[in-house]
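Student: Structure provided below as structure tokens; questions to follow.
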Amino acid sequence: MPRTLTYQERCPDGKKEDHKDQNNGKERKTLPKGTCGRGNAEEKGLRIYYSNLRGVISKLNELKVIACNDKPDIILLCETWTNNNHSNDELNIDNYKVISRCDRADTSAGIGGGLLVYSKTNINATEVKNTSTDKTFNQFSQIKVNSDNDNEDIQIYLIYRPHKLYNDDNVKTNNENLTKLIKSSRGHSIFVGDFNYRDIDWQNNMAVDSQSNLFLDATNDCFLSQLVTFPTNISGSLLDLVLTSHPNLIQSVEDIGYIGKSDHRAIKIEVKSGIKCDNNQRLIDDWKNADIGLMKDCLSQYNWQESFSQISTEQAWLKFKEVLFEAKNQHVPK
């Protein structure tokens, strides 16, 4: 099964560029520039701001300042903690409209969830009502952003997957709904949100938990690229993701620091406009021209018994995948 390609693999000639985070002096990384880097400065694009706020009401004034100064076209917020006591008028931001709102109904006062999507009043963006996927545990909003060319409309999915679920059956249902949503997407799709898969190693395309592996397999099946390269949570975990079926849509993904006392770092996503389908090239594994013989030799020569003798089952599975992927990368062209 093809693995999720890193942005560097898709754009091997691109170069990383480091920036200083003005909030805390730490370096942050943007996507490489080059063949898949920033476009012409005159090209009109779409600027998206995303954050897991852990309560929007207490951070609304700061959010208004950000909107006034940086003027993002779309603002995506999860863990808003809003409920029926909060009206849309109370959530108003000048020159923006609320195009999607989803309060979490299965917790006290909406805490532990909630989605909110703003767009500039002059942006042609609308919510797409998706009734085919159960939102009980996977909260999501689907937004369609119209472009000049009807064939290039962008579908943005805001996702919040709670990290605490009630039992194993609910975890299974949660993942089934999420993978179903991903596989149902079409066209130029971008998934943004807090997925809470802290055990996934995106660089090496590996996960410890079985449910995380099912989600990882779904992203591979749909040829989605994960573009966030920095920890997004104060714990050092990468929980907030930007997944897309068309990485050439994305100019950059940047860490813009914390909003208020949220424990998640906010993300700025610059999206190109005018991308043509025939320009979206993706590297996939060319199994037809793979050297299967050498790959088998590589795997047969590895001392599996010695490697597995002192480690747990989960560690053995990770080691097996590591060796398998290494052999595949050596003997399966792209």
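Student: Restricting the first residue to region 89-104 and requiring it to be in the same structural domain as Phe140 (by TED's automatic domain parsing), which pairs with a second residue that is surrounded by 13 or more Cβ atoms within 10 Å (Cβ to Cβ) and among the aliphatic types (A, V, I, L, M) meet a Cβ separation below 6 Å and a spacing of at least six or different chains?
Tutor: Listed pairs, sorted by first residue: Ile93/Ala67; Ile99/Val117; Ile99/Ala125; Ser100/Val117; Arg101/Leu116; Cys102/Leu115.
Student: Based on what the data block shows, is Val208 β-branched (Val, Ile, Thr), surrounded by 21 or more Cβ atoms within 10 Å (Cβ to Cβ) and touching an Asp or Glu at 6+ places or on another chain (Cβ under 9 Å)?
Tutor: Numbers: β-branched (Val, Ile, Thr): yes; surrounded by 21 or more Cβ atoms within 10 Å (Cβ to Cβ): no; touching an Asp or Glu at 6+ places or on another chain (Cβ under 9 Å): yes.
The answer is no for Val208.
Student: Collect the residues in region 57-69 that are closer than 14 Å to Ala266 by Cβ and either in contact with a strand residue (DSSP E or B) (Cβ under 6 Å, 6 or more places away or on another chain) or without any contact (Cβ under 8 Å) to a residue 60 or more places away in the chain (or both), keeping them in residue-number order. Steps first, answer last, please.
Tutor: So the first thing to find is which residues in region 57-69 are closer than 14 Å to Ala266 by Cβ, and the list is 59, 62-63, 65-67, 69.
Selection gives Val65, Ala67, Asn69.
Student: I would also like to ask the following. Which number in (1) closer than 21 Å to Ile250 by Cβ; (2) polar (S, T, N, Q); (3) modelled with pLDDT of 80 or more marks the one condition that Ser147 misses?
Tutor: It fails just one condition, (3).
Student: Something else: Of everything in region 211-230 that's under 10 Å from the mean Cα position of the chain (by Cα) and of a type in the set (A, V, I, L, M, F, W, C), which residue is farthest from Lys334 (Cα to Cα)? Let's see the steps before the verdict.
Tutor: The first filter runs over region 211-230 and keeps only residues under 10 Å from the mean Cα position of the chain (by Cα), leaving 224-228.
Checking which are of a type in the set (A, V, I, L, M, F, W, C) leaves us with 224, 227-228.
Details: Leu224: 16, Leu227: 20, Val228: 23 Å.
So, considering only residues that are under 10 Å from the mean Cα position of the chain (by Cα) and of a type in the set (A, V, I, L, M, F, W, C), the one farthest from Lys334 (Cα to Cα) is Val228.
Student: Still on this model: Looking only at region 192-206, decide whether some residue is hydrophobic (A, V, I, L, M, F, W, C) and either over 27 Å from Asp255 (Cα atoms) or modelled with pLDDT under 90 (or both). If you could, list the steps in order and put the result at the bottom.
Tutor: From region 192-206, those hydrophobic (A, V, I, L, M, F, W, C) are 192, 195, 200, 202, 206; that's our starting set.
Filter once more, keeping what is either over 27 Å from Asp255 (Cα atoms) or modelled with pLDDT under 90 (or both): none.
Looking for residues that are hydrophobic (A, V, I, L, M, F, W, C) and either over 27 Å from Asp255 (Cα atoms) or modelled with pLDDT under 90 (or both), one finds none in region 192-206, hence no.
Student: Something else now. Would you point out the residue of region 78-100, among those that are out of contact with any Gly (no Cβ under 8 Å at 6 or more places or on another chain) and surrounded by 15 or more Cβ atoms within 10 Å (Cβ to Cβ), that is modelled with the lowest pLDDT?
Tutor: His86
The values are calculated or read from the model by the stated rules, or taken from the named source; none is laboratory data. Values in this document were obtained by computation on a predicted structure and should not be read as measured data. Backbone-built Cβ (ideal geometry, glycine too); neighbour counts: all protein chains shown.
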